[in-house]
Amino acid sequence: MADLSNARWRKSSRSGSNGGECVELATVPGTVAIRDSKDPQGPNLLLDRSSFRRFTAAIRAL
């Protein structure tokens, strides 16, 4: 499991217009972590970089 204790979380600049319902991303070596911005202490989805690229491509295709 990736160590996220010093991760720098960021969210999209477009996230302000949707009532706070957004996700945050952090990158650590070899991993992209995703979390719910409303629950920063909650669970994280951890993907390797190639899986993250496939994940975002699938979302764009919707």
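Throughout, read-outs are computed from the coordinates displayed, never taken from laboratory work. No experiment lies behind these values; they were computed from the predicted model shown. Using ideal geometry, Cβ is built from the backbone for each residue, glycine included, and neighbour counts are taken over all protein chains shown.
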Near pairs, Cβ below 8 angstrom, 6+ apart or cross-chain, from segment 35-54 (of a type outside the set (A, V, I, L, M, F, W, C)) to any residue that is assigned to a loop (DSSP other than H, G, I, E, B) and surrounded by 12 or more Cβ atoms within 10 Å (Cβ to Cβ): Arg35/Trp9; Ser37/Lys11; Ser37/Cys22; Pro40/Trp9; Asn44/Leu4
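Yes or no, residue by residue, for (1) of a type in the set (Lys, Arg); (2) within 13 Å of the chain's Cα centre (by Cα); (3) not in a strand (DSSP E or B):
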{"residue": "Met1", "(1), (2), (3)": "no, no, yes"}
{"residue": "Asn6", "(1), (2), (3)": "no, no, yes"}
{"residue": "Ala26", "(1), (2), (3)": "no, yes, no"}
{"residue": "Ala33", "(1), (2), (3)": "no, yes, no"}
{"residue": "Gln41", "(1), (2), (3)": "no, no, yes"}
{"residue": "Ser51", "(1), (2), (3)": "no, yes, yes"}
{"residue": "Ala57", "(1), (2), (3)": "no, no, yes"}
